[in-house]
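For reference, the structure discussed in these notes is given below.
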Amino acid sequence: MTSGASSQEHFADRMALHQVDRDIFTGWCHSGSPLRAYGGQIAAQSLMAAGQTIDDPLRRVHSLHGYFLRPGRTKESITYLVDRLRDGGSFSTRYVRAVQNGETIFMMTASFALDEAGPHHQFSALAPLNPPEINDVVIPLPERLKGASLAEMHYPETDIIGLRVLNADQPIELEGGRYERMAWVRIEERLPDDPMIQACALTYLSDLTMVPTSLGPHLGTTSRDDLMLASIDHAVWFHRGTRADDWLLLAQDTPVAANGHGLARGLFFDGSGRLVASVVQESLMRNRRP
């Protein structure tokens, strides 16, 4: 257990929860924007709380769906309340509320299941080349890209997070009005082998670049200062077990922005070309009101 967000010197500290009762946990979150807790950490801690109520170690998380309802605060702990909605023959479902000062700031459902045999296929594989390519776009290896400055995004101890964005100042424009943004991401510290911790770490990473992806087509025409930006809802599907402390390629696109909302999608590929997780997020992208 940590005493607060300021004591989270190692990534494992950012996932640490204190168990208050059977299905009640508390944790601390650091900032992700001025005066606001980082949503990816809230989602990751919510998943960690849900996972601690799963008694069968063979049931792994395969999806989560969350809504950000209110901004979280970094100087107060967050209480996570878990409801055990169902434990069936092969699936377990949990509902989690993250609460501060009696108000729900985030709500999430998470589903856990046994790994079972069935058909296999996936979207365009990341070719295990040097350098790799996806959709005919050659992607430099992370060692050849400059690290992104997370300090400007108000993240503490930024050396814990590895982020290498391809063409950070200009998304890749494809046919049909599509824009792609690609980044290598990983946790820079070695994490325990526990699949639950690895899944929570991937959840944390999945929120880093979704809003910038939605903004990508408007770079040079719209200033971030002119917009109210926030995550509205967030969903992750875990297709295969993977390690979040190894480099993962996050290939993202943004199908639409309308009515003050922007939608971004992302696919996580590991270094061998396996599609290991998918993420979708809707963001608030509203012109600031007078």
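Quick notes on this structure:
- Contour minus Cα-Cα distance for D194 and R240 (0.36 nm per residue): 15.2 nm
- A cut-off under 11 angstrom between Cβ atoms defines the neighbours of R84, and their net charge, with Lys, Arg +1 and Asp, Glu -1, is -1.
- Global form of the range 51-102, assessed from the alpha-carbon gyration tensor, a/c cut-off 1.5: prolate
- The mean sequence separation of alpha-carbon pairs under 8 Å and at least six residues apart, normalised by the residue count of the range 1-134, gives a relative contact order of 22 percent.
- Cα-based shape type of the range 216-290, given that a ≥ b ≥ c are square roots of the gyration tensor eigenvalues and the cut on a/c is 1.5: prolate
- Springs between Cα atoms under 10 Å define the GNM used for the chain, and in it the highest mean-square fluctuation of T209, T222, T93 occurs at T222.
- Helix-only [θ]222 nm of the chain, DSSP H runs n ≥ 4, -39500 (n - 2.57) each, per residue, nearest 500: -3500 deg cm²/dmol
Read-outs throughout are calculated quantities, based only on the coordinates presented, and are distinct from any laboratory measurement. Because the structure is a prediction, the values reported are computed rather than measured. Every residue, glycine among them, receives a Cβ derived from its backbone with ideal geometry; neighbour counts consider all protein chains shown.
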